[in-house]
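In what follows, a structure is listed as structure tokens, so that the remarks can point back to it.
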Amino acid sequence: SPGAHVPALIIGSGYGGAVAALRLTQAGIDTHIVEMGQNWTTPGADGKIFCSMLKPDGRSSWFRNRTDQPVGWFIGSDVNKDIDSYAGVLDSEDFGAMRVYQGRGVGGGSLVNGGMAVIPKRPYFEQILPSVDAGEMYGTYFPRASAGLGVNNMDSAWFDSTEWYQFARVGRDDAQAAGYATTFVPNVYDFGYMQREAAGSATKSALASEVIYGNNYGKKSLDKTYLAEAARTGKLTISALHTVTGVTAGPGSGYTVTMTQINTSGATVATKSVTADRVFFAAGSVGTSKLLVAMKATGKLPNLSDTVGAGWGNNGNVMVGRANSKLTGGNQSAIPAMGIDNWDDPAGPVFAEIAPFPAGTELWISLYLAITKNPNRANFTFDSGSGKVGLDWSAGQAQPSIDAAKRVFDKINSKTLTSYRTDLFGVYKTWGDDFCYHPLGGCLLGSATDNYGRLNGYPGLYVVDGSLIPGSVGVNPFVTITALAERNMAKVIATDLH
Ligand code: FDA
């Protein structure tokens, strides 16, 4: 309500926001989350909360008239589909040379992602975040995050025998033929549930091509883990379909937060403002960076660090497909379970997820999402003409990612006598290098904030999401985002709130 006051307000309900919500509410603090996306709890006319990847409707996308699939092309045709504009679950935010995919809803990216729950290699973690005590992270906070997220492992005997992971076994064998190591990847999708799907005793989700537009079953997204636990304290309130538009200092030692409420068609229903003693930015790398850059440029939070908006990277993401000569399987689980691990190769570190292509029919395609060590970074900048925040990533900045991935997949192609697909990311476009799933940075730990995410210049303002991490983490990022949020919240609760 207008003029309302809350002790703690969290902007966004992804990984950082969910950790902050749980730890604040457990400390006895009344906490309010403001989330721009929907609370995904109500089934549509088909009885399902989310739509599948093969039959997308308005639920798939954040206010678009046509889907924007990551793999959007096939043999010369754009395979996207017309849909009704709606407050759907997956956003692809377009910054010119880079489209950034993000989840929209209570649970943030956990609603749409592949669930791969990977702890980074310790030497690389120490390199990217040297001010963070790695012993504490690997001893306490990574295990705490993995437990809180509900991470589990694939049964290797089932993996070896099920038709649903034929694509991954082929990907493994091809990599090993070229001398590359492969590794199982833990996940928050319940592999026991998946085995029951395969056996016909549970309703199919991963085995019904559900991912990126949400999973109706099986996946332990944040609404089922951290956020559910926070709600059980009785101290959590969530306002969905509310977008924070401004944060400014005062009255007193607190902050005023302005927001716009929309309906699922995108029409504005109300504008509101509340005051909060403490505000936690958890809008994701893009959302938090955009807000902070705009607040600094418009004089609402003028004392923010000059480095706000800097240090953004795409975690070296690049996608590629190979035309295989082996059957990859008409039935493919939508949840990845294996990666090619060439990270320790100094000539070109690559950690590549062997990705499914769950089209429901045999396509002889091996698809990969490669994570590379791309040193290029971009900045979020405010355009006073449009009043919008842009990201100055340019097309050529993806080249180091392509070079590293090409080294690995050229070798795999040459050993297995296969070639690249050139039709999946455009017409004669081999590399999916103009979009990413892993936005990181824009408000770096120890630069725009102190070593625990406290924003320089403003006591009571904190950053708890992926914008703290300097552009790269070498593996899929959500476990690191969660563990870093656990570490920072432990410090903040112990020292600022008692
Ligand atoms: P996150 O993006 O999760 O949450 C931010 C929240 O804030 C969102 O809910 C957003 O709607 C909200 N918000 C933004 N601006 C706002 C505003 N102004 N007001 C109110 N709310 C606002 N990672 C991984 O480790 N393993 C994987 O398998 C995958 N796979 C994958 C697939 C796909 C398709 C995507 C898009 C992403 C992945 N990822 C992934 C990446 C992972 O999901 C991502 O790194 C995390 O969700 C980021 O967590 P954050 O807490 O930083 O933000």
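The values are calculated or read from the model by the stated rules, or taken from the named source; none is laboratory data. The shown structure was predicted, so the numbers you read here are calculated from the model rather than taken from an experiment. As a convention, Cβ positions derive from the backbone with ideal geometry for all residues, glycine included, and neighbour counts pool all protein chains shown. Keep in mind that these areas ignore ligands, DNA and RNA; they rest on the heavy atoms of the full protein, side chains included. Shrake-Rupley method; radii C 1.70, N 1.55, O 1.52, S 1.80 Å.
Rg then Dmax, both in Å and based on the Cα atoms of the range 192-281: 19.2, 61. Of Glu163, Glu210, the residue with the largest accessible area leads and the full order is Glu163, Glu210 (1.4 Å probe). Of the cross-linked pairs Lys373/Lys415; Lys296/Lys491; Lys224/Lys411; Lys55/Lys388; Lys220/Lys290, those separated by over 31 Å at the C-alpha level are Lys224/Lys411; Lys55/Lys388.
Taking all Cα pairs closer than 8 Å and separated by 6 or more residues, the relative contact order of the chain comes to 23 percent. In the chain, the longest principal axis of the Cα atoms and the axis of helix 399-416 are about 20 degrees apart. Relative to the longest principal axis of the Cα atoms of the chain, helix 166-177 runs at roughly 80 degrees.
The residues neighbouring Met338, those whose beta-carbon lies less than 14 Å from its own, together hold a net charge of -4 under the Lys/Arg +1, Asp/Glu -1 convention. Here the range 5-495 carries DSSP beta bridges of which approximately 75% are antiparallel, counting only pairs with both residues inside. Against the main long axis of the alpha-carbon atoms of the chain, helix 478-495 sits at an angle near 20°.
How would His498, His5 rank on accessible area, largest to smallest, probe 1.4 Å? Walk me through the numbers on the way to the answer.
Details: His498 165, His5 105 Å².
Ranked from most to least accessible, the order is His498, His5.
With the convex hull constructed from alpha-carbon coordinates only, the range 248-316 shows a mean projected area of 6.3 nm² over all directions. Based on alpha carbons, the Rg and Dmax found for the range 321-448 are 17.4, 54 Å. Expressed as a fraction of 2.2 N^0.38 Å, the value expected for a compact globular protein of N residues, the C-alpha radius of gyration of the range 5-495 is 0.93. Of the residues Asp133, Asp410, ranked by 1.4 Å probe accessible area with the largest first, the sequence reads Asp133, Asp410.
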